[in-house]
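What follows is a single structure, written as structure tokens, with notes after it.
The values are calculated or read from the model by the stated rules, or taken from the named source; none is laboratory data. Just so you know, these numbers come straight off a predicted model, no measurement behind them. Methodologically, a virtual Cβ is constructed for each residue, glycine included, from the backbone with ideal geometry; neighbour enumeration extends over all protein chains shown.
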There are 2 protein chains.
Amino acid sequence: MTAPAHNAELALLLEVAGTPKPGNVDRHRDLDDLRFDHFLAGAVGARPGLDLAASGAPIGPAFERAVEGMAAHGENSQFGALLLLVPLVRAAHDGRTVETVVEETTVSDAAAFYRAFDHVDVFVGDPPAELAPLDVRRGSAAIPALEDRGLTLYDVMDRSVPGDDVAREWLCGFDRSFAAADRLVAAEGPLPDRAATVFLSMLADRPDTLVAKRHGDAVAAEVTDRAGVLSERDALETDPAAVEAFADELVDRGINPGTTADLVAAGLFITLDHHGVSI
Amino acid sequence: MTAPAHNAELALLLEVAGTPKPGNVDRHRDLDDLRFDHFLAGAVGARPGLDLAASGAPIGPAFERAVEGMAAHGENSQFGALLLLVPLVRAAHDGRTVETVVEETTVSDAAAFYRAFDHVDVFVGDPPAELAPLDVRRGSAAIPALEDRGLTLYDVMDRSVPGDDVAREWLCGFDRSFAAADRLVAAEGPLPDRAATVFLSMLADRPDTLVAKRHGDAVAAEVTDRAGVLSERDALETDPAAVEAFADELVDRGINPGTTADLVAAGLFITLDHHGVSI
């Protein structure tokens, strides 16, 4: 048992407990196919993989183990969040920067990442034709192509940017995760309430890439613009009903800014683990 | 990482996610001094102690470790639930009955139980004069008196009955925990919803001993009678607003049937671990 794994699991739980988090499962909302209890089981199930990362295991196998446990009940609740948390936990173990940790990933880490897709359905778009052999939806079947090209997990993330803001964190020093943490630390009140506030502000900063992949750039831009208006006028304080209505509308429309939630989970980990903020 | 510890931690989370659970913290309600996020952190914090029990450690030290982690943020969220879960997890490890496991506890287990009170404030009433040296509120200061009398942890539980229905489980083969599990297995829907249904039916069966200690027998009897009326007419299905109103009223009056919630958590563990029900 190590503190970073504890904090990563708790970050997953605090993230989903925050409400309202427009479009996402939160303390007050389920989606049609994804419920609050899937996130609880996902967080507990991810723990052995997080413990691996916290004890110095390579990123890829630790991530695969975390995803396997998270998805033991068949739902993909926290795949993207774990792709941020596993390197952050490993970096906490090493006492190195997360940037260094992800840059040093190997082809073997990339193979484990592909195997993780055998455990769970993840929504991804079609790759360009030249990358079809590396389509993550092929899971472990893509590993020979991966090895032929000698791609590390960092290289795989590199090929997912732009268009995937979880992968972008790997390329950009986890800058939005750290920005989320700074905002979480500066906010007041219980951490789930801070998570809701910071979720809205992060959603206002950049279109959510999961929304863009599923619903197109126009919808993603609309969601970000509306989050911006609400965040700008501090609506969670001044007009909470407006945020609740926005949250209900996004759930009704099936619009799920899951990438932004992943970034908030990473920010919560940094808040707990680096900044020592406690419940 | 062992399945029983995983299931015990998940049981704690599913219990608090159930709503409405009249008088208790639930997915939709916080108390003045105890919030949902305290339960999330309590469940994650208890895990190392649950892991100890799952790997065969003695009950007392495993319980002390679980409580220490649960209460790391200063709140007592799940003390009673852990007093049920730790023996259940240990029994799962041993492949023996929980009845045997608790009967075989030692004076050393009792000493660890007393040390657990050094980590957290637990609401307990005044003991009779002849037991004042053994008042659990003395924490580890009471250990010499305990050792003088050669009391095991089972003996300590024996002296807490009647008046403490968590201790009663130790004496009566965890019969209400198993009854809760049978009802949880027979119910339908997501486990937190089943937990709410079973909570109401358990509250209807017997006055909650935490309510009796804090508010007197008359209030505990009133709460049980009203739960009985609601449970009898299946109000969670037929008139959910009536159960929500009862829940709000109990929270407003500061009436917290925490012992019944502890029994439901134990029942959830049995449901997951013995019956193999999954999310």
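If you check every pair at least six apart or on different chains, which have Cβ atoms under 6 Å apart with a residue in the stretch B:265-279 that is more than 17 Å from B:Thr197 (Cα to Cα) first and a residue that is among the aliphatic types (A, V, I, L, M) second?
B:Asp273/B:Ala92; B:His275/B:Val185
Quick one: count up the residues across the stretch B:260-279 that are more than 18 Å from B:Pro20 (Cα to Cα) and not hydrophobic (A, V, I, L, M, F, W, C).
Qualifying residue count, the stretch B:260-279: 6.
Report whether or not A:Ser108 is of a type in the set (Ser, Thr, Tyr) and within 14 Å of another protein chain (Cβ to nearest Cβ). Reasoning before the result, please.
On the way: of a type in the set (Ser, Thr, Tyr): yes; within 14 Å of another protein chain (Cβ to nearest Cβ): no.
Answer is no for this residue.
Take the stretch A:193-205 and flag every residue that is touching a helix residue (DSSP H, G or I) at 6+ places or on another chain (Cβ under 7 Å) and charged (D, E, K, R). Walk me through it before giving the result.
Here is the first cut: in the stretch A:193-205, the residues touching a helix residue (DSSP H, G or I) at 6+ places or on another chain (Cβ under 7 Å) are A:194-204.
A:Arg194, the sole residue that qualifies.
Among the candidates B:Gly95, B:Gly18, B:Gly23, B:Gly80, single out the residue that is in contact with a Phe, Trp or Tyr (Cβ under 7 Å, 6 or more places away or on another chain) and of a type outside the set (Ser, Thr, Tyr).
Values: B:Gly95 fails: in contact with a Phe, Trp or Tyr (Cβ under 7 Å, 6 or more places away or on another chain); B:Gly23 fails: in contact with a Phe, Trp or Tyr (Cβ under 7 Å, 6 or more places away or on another chain); B:Gly80 fails: in contact with a Phe, Trp or Tyr (Cβ under 7 Å, 6 or more places away or on another chain).
When all the criteria are applied, what remains is B:Gly18.
Of the conditions (1) part of a helix (DSSP H, G or I); (2) over 16 Å from the mean Cα position of the chain (by Cα); (3) aliphatic (A, V, I, L, M); (4) within 21 Å of A:Val124 (Cβ to Cβ), A:Leu31 fails just one. Which one is it?
Result: A:Leu31 passes all but (1).
Can we say A:Arg253 is surrounded by fewer than 17 Cβ atoms within 10 Å (Cβ to Cβ) and either of a type in the set (Val, Ile, Thr) or within 22 Å of the chain's Cα centre (by Cα) (or both)?
Values: surrounded by fewer than 17 Cβ atoms within 10 Å (Cβ to Cβ): yes; either of a type in the set (Val, Ile, Thr) or within 22 Å of the chain's Cα centre (by Cα) (or both): yes.
Taking the combined requirement at face value, the residue satisfies it.
Can you name every residue in the stretch B:49-74 that is over 25 Å from A:Pro190 (Cβ atoms), within 14 Å of chain A (Cβ to nearest Cβ) and either at pLDDT below 95 or not in a helix (DSSP H, G or I) (or both)?
Scanning the stretch B:49-74 gives B:Ser55, B:Ala57.
Within the stretch A:155-172, track down each residue that is surrounded by fewer than 20 Cβ atoms within 10 Å (Cβ to Cβ) and over 18 Å from A:Gly258 (Cα atoms).
A:Asp155, A:Asp158, A:Arg159, A:Leu171, A:Cys172, listed by residue number.
Please enumerate the residues belonging to the stretch A:238-279 that are out of contact with any Asp or Glu (no Cβ under 6 Å at 6 or more places or on another chain), within 14 Å of another protein chain (Cβ to nearest Cβ) and not in a helix (DSSP H, G or I).
A:Gly276, A:Val277, A:Ser278
At least 1 residues that are closer than 24 Å to A:Leu85 by Cβ, of a type in the set (Gly, Ala, Ser) and at pLDDT 95 or above in each: list the helices (runs of 4 or more DSSP H) lying fully within the stretch A:118-182 that qualify. Talk me through it step by step, then tell me what you get.
Values: elements: A:143-149, A:153-158, A:165-171.
Correct list: A:165-171.
Checking the conditions here, which among A:Ala54, A:Ala41, A:Ala3, A:Ala66 is among the aliphatic types (A, V, I, L, M), surrounded by fewer than 24 Cβ atoms within 10 Å (Cβ to Cβ) and out of contact with any Asp or Glu (no Cβ under 8 Å at 6 or more places or on another chain)?
Values: A:Ala41 fails: surrounded by fewer than 24 Cβ atoms within 10 Å (Cβ to Cβ); A:Ala3 fails: out of contact with any Asp or Glu (no Cβ under 8 Å at 6 or more places or on another chain); A:Ala66 fails: surrounded by fewer than 24 Cβ atoms within 10 Å (Cβ to Cβ).
That would be A:Ala54, the only listed residue that is among the aliphatic types (A, V, I, L, M), surrounded by fewer than 24 Cβ atoms within 10 Å (Cβ to Cβ) and out of contact with any Asp or Glu (no Cβ under 8 Å at 6 or more places or on another chain).
Taking the condition of being under 21 Å from A:Pro87 (Cβ atoms) and crowded, with 24+ Cβ neighbours inside 10 Å, how many residues in the stretch A:196-207 meet it?
Taking the stretch A:196-207 and keeping what is under 21 Å from A:Pro87 (Cβ atoms), we get A:198, A:202, A:206.
Checking which are crowded, with 24+ Cβ neighbours inside 10 Å leaves us with A:198, A:202.
Of the residues in that region, 2 qualify.
What about B:Arg115, is it more than 18 Å from the chain's Cα centre (by Cα) and surrounded by fewer than 17 Cβ atoms within 10 Å (Cβ to Cβ)? Give the derivation first.
Working: more than 18 Å from the chain's Cα centre (by Cα): yes; surrounded by fewer than 17 Cβ atoms within 10 Å (Cβ to Cβ): no.
No.
Consider the stretch B:189-221. How many of its residues are within 14 Å of chain A (Cβ to nearest Cβ) and part of a loop (DSSP other than H, G, I, E, B)? Can you show your working first?
Going through the stretch B:189-221, the residues within 14 Å of chain A (Cβ to nearest Cβ) turn out to be B:189-196.
When the remaining residues are screened for being part of a loop (DSSP other than H, G, I, E, B), the result is B:189-190.
Of the residues in the stretch B:189-221, 2 are within 14 Å of chain A (Cβ to nearest Cβ) and part of a loop (DSSP other than H, G, I, E, B).
Of (1) of a type outside the set (A, V, I, L, M, F, W, C); (2) without any contact (Cβ under 8 Å) to a residue 24 or more places away in the chain; (3) on the phi < 0 side of the Ramachandran plot, A:Ser231 satisfies all except one. Which?
So the condition that A:Ser231 fails would be (2).
Under 9 Å by Cβ, and 6 or more places apart or on different chains, what pairs join a residue from the stretch B:3-25 that is more than 10 Å from chain A (Cβ to nearest Cβ) with one that is of a type in the set (Val, Ile, Thr) and assigned to a loop (DSSP other than H, G, I, E, B)?
B:Pro22/B:Ile255; B:Gly23/B:Ile255
Conditions tested, residue by residue: (1) within 14 Å of chain A (Cβ to nearest Cβ); (2) more than 22 Å from B:Ser278 (Cα to Cα); (3) assigned to a helix (DSSP H, G or I).
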{"site": "B:His38", "(1), (2), (3)": "yes, yes, yes"}
{"site": "B:Ala41", "(1), (2), (3)": "yes, yes, yes"}
{"site": "B:Arg47", "(1), (2), (3)": "yes, no, yes"}
{"site": "B:Ala92", "(1), (2), (3)": "no, no, yes"}
{"site": "B:Glu99", "(1), (2), (3)": "no, yes, yes"}
{"site": "B:Val102", "(1), (2), (3)": "no, yes, yes"}
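Residue pairs, Cβ under 8 Å, 6 or more apart or interchain, first in the stretch B:124-150 and basic (Lys, Arg), second part of a helix (DSSP H, G or I). List them.
B:Arg138/B:Tyr114; B:Arg149/B:Leu134
Within the stretch B:8-38, count every residue that is of a type in the set (A, V, I, L, M), surrounded by 24 or more Cβ atoms within 10 Å (Cβ to Cβ) and in contact with a Leu (Cβ under 7 Å, 6 or more places away or on another chain). Step through it out loud before you land on a result.
Going residue by residue through the stretch B:8-38, those that are of a type in the set (A, V, I, L, M) are B:8, B:10-14, B:16-17, B:25, B:31, B:34.
This time we only want the ones that are surrounded by 24 or more Cβ atoms within 10 Å (Cβ to Cβ), so: B:8, B:10-14, B:16-17.
Now drop any that are not in contact with a Leu (Cβ under 7 Å, 6 or more places away or on another chain), which leaves B:8, B:10-11, B:13-14, B:17.
Within the stretch B:8-38, residues that are of a type in the set (A, V, I, L, M), surrounded by 24 or more Cβ atoms within 10 Å (Cβ to Cβ) and in contact with a Leu (Cβ under 7 Å, 6 or more places away or on another chain) number 6.
So, of the residues in the stretch A:75-88 that are within 14 Å of another protein chain (Cβ to nearest Cβ) and of a type outside the set (Gly, Ala, Ser), which turns out to be farthest from A:Ala116 (Cα to Cα)? So that I can check it myself, show each step before the final result.
Let us first name the residues in the stretch A:75-88 that are within 14 Å of another protein chain (Cβ to nearest Cβ), namely A:75-78, A:85.
Those still in the list that are of a type outside the set (Gly, Ala, Ser) too: A:75-76, A:78, A:85.
Details: A:Glu75: 13, A:Asn76: 11, A:Gln78: 12, A:Leu85: 15 Å.
Top of the filtered list is A:Leu85.
From the list A:Asp193, A:Asp175, pick out the single residue that is surrounded by fewer than 24 Cβ atoms within 10 Å (Cβ to Cβ) and either aromatic (Phe, Trp, Tyr) or free of Cβ contacts under 8 Å to residues at least 60 places away in the same chain (or both).
Values: A:Asp193 fails: either aromatic (Phe, Trp, Tyr) or free of Cβ contacts under 8 Å to residues at least 60 places away in the same chain (or both).
Only one candidate passes the filter, namely A:Asp175.
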